[in-house]
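Quick notes on the structure that follows.
The values are calculated or read from the model by the stated rules, or taken from the named source; none is laboratory data. Because the structure is a prediction, the values reported are computed rather than measured. With ideal geometry, Cβ positions are generated from the backbone for all residues, glycine too; neighbour counts draw on all protein chains shown. Note: accessible area is taken over every heavy atom of the protein model, side chains too, but ligands, DNA and RNA are not part of it. Shrake-Rupley method; radii C 1.70, N 1.55, O 1.52, S 1.80 Å.
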Amino acid sequence: METLLEQQRRYHEERERLMDAMTKQMLHPSKTHREHINSDHMLKQLLDRYMESTTELKDLYDDKDGLRKEEVQSLSGPNEFAEFYSRLKAIKEFHRKHPNEISVPMSVEFEELNNIREKPSEEFQNMVDFTDEEGYGKYLDMHECYERFINLKGMEKIDYLKYLSTFDQLFDIAKDRKNAAYRSYLHMLLEYLQNYCHRVKPLLDVGEEIEKIRDEFEDQWTDGSFPGWPKEASGALQHVGAHLDLSAFSSWEELASLGLDRLKSALMALNVKCGGTLEERSQRLFGTKGKRLEDLDVSMFAKSKPGKAGKTRDSERHKEIAFLECQVYRLSEILSEQRASTRDNVQRKQARTGEERDESDEEHFSDDDSDDDENDIPYNPKNLPLGWDGKPIPYWLYKLHGLNINYSCEICGNYTYRGPKAFQRHFAEWRHAHGMRCLGIPNTAHFANVTLIEDAVALWQKIKSAKEDERWRPDTEEEFEDSAGNVVTKKTYDDLKRQGLL
């Protein structure tokens, strides 16, 4: 029974109510991690519905079929009263045929939404499906990706904890190991990371993030600066040669004055046959003036060599794998918080005994709210680190391990380490190694306990100069004996021999 104008009014009302509901949802405080994720998913649903209503409303205003214009003319024409009574008659006839039809106003639906927000039901508390390992969006569950990685041919067999720290360091993998199995592993890894992003960050447009890095990737690939792919492997195969502007030439005789080499270079740039005499080359090149490559005769183009076609396919395959790696870099950066939490959780689980793990599982399944550790904040006035049970560790243990002392490393980006044990261990970890690699310095034992960039650079220069002094110099250190029995250096011996004094 809705007319087009009534549909427009309803869509306008729906958009206003959706905007109000999204505002209330954002202002509603989310106390736990679960509530925060559920709130984002609710906002995503409201936003999608808002976009659908806007699209429908725009189509009605565009009025491509002209029905809205006809309806407006019928209401504003000379017979507006006849139109009114005809519609009134249709409404009465409808209610006569459907006497028990109940009309539910739109306000009731949004009032129920407000009630759910205040007192969430069980369905609202579990809006997304997560595995037990993921802890409703707290941690990553990458066991399947880890199993696929360690089964790749030629890959180092590492444990799961190290894999969580290094799964995005794809630039350290040799290029010859990046085969079809490796590409399949990247697809599997990307599929999980994208799916996890949609579940944990529903308001984030992953597709838009991928499109943002596409242009940057194209520039890096062309320049050969993309990590893990040197220029000789990533350079796009282009036709060799330099293009020639033919607008300045009025005949092929003028082109012939450029010479064989220049004509060959211009023909190769167009991928046109470049053989023949000077006249044939100039005539062939002049024949392309003012024409598109699609309009030229197929026989004019040079046939691609089998080796060149295979090389092109390899280049395209390498570029596809490199772009998959680029997406992994971006998604791992987006999920850096969950990744760090996952490493801490795995370490915490490894430190527990079997009984402690069983007790933790029983507490987890017996508690309806998995975020009690966030609701019940433990009393921790001295800001002590938390143990595996979520409670502060004893103060004597805190002092024993020196966790009250903070160490900062400029090479790691001014990252702070608590306690001497963590500080000494970090010199062999990925963050410090990456910082040293960015400085162009090998992470050897010479640089132990060096945390300042200036000191590391100065020490590296000193080591290089010392190695230069110890290097063997044959011109000054290699000895020769002349005809008189005198021992001289190689340089002196060559000079005497050249002058004929030996």
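So the values come out like this:
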| quantity | calculated |
| --- | --- |
| Approximate spin-label separation residue 62-residue 458, in nm, with each point projected 7 Å along Cα-to-Cβ | 6.9 nm |
| Mean ellipticity per residue at 222 nm, deg cm²/dmol - from DSSP H runs of n ≥ 4 across the chain, formula -39500 (n - 2.57) | -18500 deg cm²/dmol |
| Neighbourhood net charge (12 Å Cβ-Cβ; Lys/Arg +1, Asp/Glu -1) for residue 65 | -2 |
| Degrees separating the helix 453-470 axis from the principal Cα axis of the chain, which is the longest one | 20 degrees |
| In Å, descending, principal axis extents of the Cα set of the stretch 10-135 | 69, 36, 26 |
| Cα-projected label distance for residue 502 with residue 467, points at 7 Å along beta-carbon direction, nm | 3.5 nm |
| Tilt relative to the chain, helix 260-269 - C-alpha long axis, 0 to 90 degrees, to 10 | 30 degrees |
| Where the chain is the region considered: accessible area per residue in Å², 1.4 Å probe | 65 Å² |
| Share of carbon and sulfur in the accessible heavy-atom surface of the chain [1.4 Å probe, %] | 51 percent |
| Summed residue charge, Cβ within 13 Å of residue 385's Cβ, Lys/Arg positive, Asp/Glu negative | +4 |
| Solvent exposure, largest accessible area first (probe 1.4 Å, DNA, RNA and ligands not counted), of 102, 37 | 102, 37 |
| Residue 453 accessible area, assembled protein chains, probe 1.4 Å, Å² | 60 Å² |
| Angle between the chain longest axis and helix 490-499 axis [Cα atoms, degrees, rounded to 10] | 50 degrees |
| Label assignment, Cα extents along the principal axes in Å derived from the structure, set [x] 83, 51, 44; [y] 74, 54, 41; [z] 133, 92, 39 | [z] |
| Qualifying GluC sites (Glu not before Pro) for the stretch 455-485 [loop in DSSP, other Cβ within 10 Å: at most 12] | 478 |
| Accessible area, probe 1.4 Å, largest first, for residues 142, 106 | 106, 142 |
| Cysteines not pairable in the chain (beta carbon separation under 4.7 Å absent) | 145, 197, 274, 326, 438 |
| Global form of the stretch 52-113, assessed from the alpha-carbon gyration tensor, a/c cut-off 1.5 | oblate |
